[in-house]
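Quick notes on the structure that follows.
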């Protein structure tokens with residue numbers, strides 16, 4: 001079944017009505033899990049492939065969310081939180097938290 005032409009909120013309401021609505025805690029856990037996807041996990045090679053495919057430097061994104069933001073010309077989410085990302089090698093990065 002497709003919901004072509006529906007707004008995001010309509011599709012979400014359909015999913016809740018035909019599936020289940022997760023709790024606020026479940027949503028937070030899922031969002032935290034996905035926000036780290038491809039960062040030092042088994043999916044890191046996929047992120048590296050996507051960076052190479054897009055012609056972006058390796059290390060310019062640490063997570064798939066970072067890659068999507070860069071690919072769509074948005075600032076990195078980590079930049080909003082005061083975290084600086086520094087590339088130390090071909091595939092290693094360190095995060096420094098700074099006070100702004």
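Please go through segment 12-44 and pick out each residue that is closer than 18 Å to residue 66 by Cα and either assigned to a helix (DSSP H, G or I) or touching a strand residue (DSSP E or B) at 6+ places or on another chain (Cβ under 6 Å) (or both).
30, 31, 32, 33, 34, 35, 44
Those residues that are buried (at least 16 other Cβ atoms within 10 Å of the Cβ) and either touching a strand residue (DSSP E or B) at 6+ places or on another chain (Cβ under 9 Å) or within 17 Å of residue 33 (Cα to Cα) (or both), I need them from segment 50-59; list them, please.
Answer for segment 50-59, where residues must be buried (at least 16 other Cβ atoms within 10 Å of the Cβ) and either touching a strand residue (DSSP E or B) at 6+ places or on another chain (Cβ under 9 Å) or within 17 Å of residue 33 (Cα to Cα) (or both): just 59.
Please state which one of 85, 62, 47 is in a helix (DSSP H, G or I) and either in contact with a strand residue (DSSP E or B) (Cβ under 9 Å, 6 or more places away or on another chain) or at pLDDT 90 or above (or both).
It is 47.
Answer with yes or no whether residue 9 is part of a helix (DSSP H, G or I) and surrounded by fewer than 10 Cβ atoms within 10 Å (Cβ to Cβ).
Yes; evaluated as a whole, the condition is true for this residue.
The values are calculated or read from the model by the stated rules, or taken from the named source; none is laboratory data. Please read these numbers as outputs of a predicted model, since none were measured by experiment. Because the Cβ atoms are built from the backbone with ideal geometry, glycine has one as well, and the counts that use them run over all protein chains shown.
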